[in-house]
Amino acid sequence: MVEGTRNSAEAAPGDRDLPASVVRVRPRGWRDGQALAADRAIPEETPVALVYDGSTEAVMMATPADLEDFAVGFSLTEGLVRHPAEIRGLEILALAEGIEARMWLAPDRSREASVRRRTRAGPTGCGLCGVDSLAEAGRLRQGRALATLAPVTADRLLQALAELDAGQQLGPETRAVHAAGFWRPGAGLVALREDVGRHNALDKLVGGLARAGEADLAGAVLLTSRVSVEMVQKTASLGTPLLVAMSAPTALAVRTAEAAGITLVAVARRDGFEVFTHPHRVDI
């Protein structure tokens, strides 16, 4: 568990409140040949700086919710720490320019982070922000061994997707965010996170699972987005052997999943899905 976490409600005097995740607006609409006043909920998008021991590692555009999870998950999937306990302190501060997730690392991790430190600016569609070589773009970061998972039937996978759909809050309200969930046979949907960025949603999921002490990762990561390579890399760092997405994968994502030993299921809709790699974990 992470020590020293605080949220905006516990902030020192003078700290700003975190912005709301959803904003209501009244745009001028045009429907069926008529002008009308519309009422719509839209998601907030805020720059979030991930700061380690006083130095910024990355700035990502994100939904200002579950930011402790985001900070821990990003730290894990990017290899800055191997375990949440290596984050000795974490605070979320709202500033005039955006939000800072300030973290303090264990000494050995802090030294390693200072060696590789670089500032990265990532828009919502970015997944490989700031990698410093072509080789780094396709590299599988060393993570935990994949959990052992018995074959999952097609019906159970479709039920898992239905649970992901039913569990979303920002998605139905705004129609403008992605969701990432963790589903386990026998337990159902264990955790779900949402964000304007698909990779942010997955980082928040990883961080949420880690902070909750979830050790049984014999299940599936569920995504509402397409599968690009970094989504496979982040799933591999988590150690979950099954990745299921509603949209199609890229060719590099398929090759990376094959190399990582991950079963990649995509184009998953209510009427079925397609298995791209390691089909032994899906019973059809």
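Summary of values
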{"read-out": "Farthest positive-ward along segment 185-256 dipole, Cα basis, beta-carbon charges - from Gln233, Ala215, Val254", "value": "Val254"}
{"read-out": "Rounded, prolate or oblate (a/c below 1.5 giving rounded, otherwise prolate when a/b exceeds b/c) for the chain by Cα gyration tensor", "value": "oblate"}
{"read-out": "Sequence of Leu202, Leu67 once ranked by neighbouring C-beta atoms within 10 Å, starting from the fewest", "value": "Leu67, Leu202"}
{"read-out": "Normalised contact order of the chain, rounded percent, pairs of Cα under 8 Å and 6 or more residues apart", "value": "18 percent"}
{"read-out": "Order of Trp183, Trp104, Trp30 - criterion: other Cβ atoms within 10 Å of each residue's Cβ, fewest first", "value": "Trp30, Trp104, Trp183"}
{"read-out": "Neighbour cut-off at most 10 other Cβ (10 Å), DSSP loop, GluC sites (Glu not before Pro), segment 77-117", "value": "Glu97"}
{"read-out": "Prolate/oblate/rounded label for segment 152-283 (Cα gyration tensor, a/c 1.5)", "value": "rounded"}
{"read-out": "DSSP-defined antiparallel bridges as percent of all bridges, the chain, nearest 5", "value": "65 percent"}
{"read-out": "Karplus-derived 3J(HN,Hα), 6.51/-1.76/1.60, for each residue of segment 19-24, Hz, glycine and proline x", "value": "x, 5, 6, 10, 10, 9"}
{"read-out": "For segment 246-255, 3J(HN,Hα) per residue [Karplus equation, 6.51 cos²θ - 1.76 cosθ + 1.60, θ = phi - 60°, Hz, x = Gly/Pro]", "value": "6, 9, 7, x, 7, 5, 5, 4, 5, 5"}
{"read-out": "Size of charge dipole - the chain - debye, nearest 20, with Cβ of Lys, Arg +1 and Asp, Glu -1, no other charges", "value": "480 debye"}
{"read-out": "Value of relative contact order over segment 206-251, rounded to a whole percent, pairs C-alpha under 8 Å and six or more apart", "value": "45 percent"}
{"read-out": "Order of Met103, Met231 under a 10 Å beta carbon neighbour criterion, fewest first", "value": "Met231, Met103"}
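Laboratory data are not the source of any read-out in this text; all were calculated from the coordinates shown. Computed from a prediction, not measured in an experiment: that's the story for all the values here. Neighbour counts run over all protein chains shown; Cβ positions are idealised from the backbone, glycine included.
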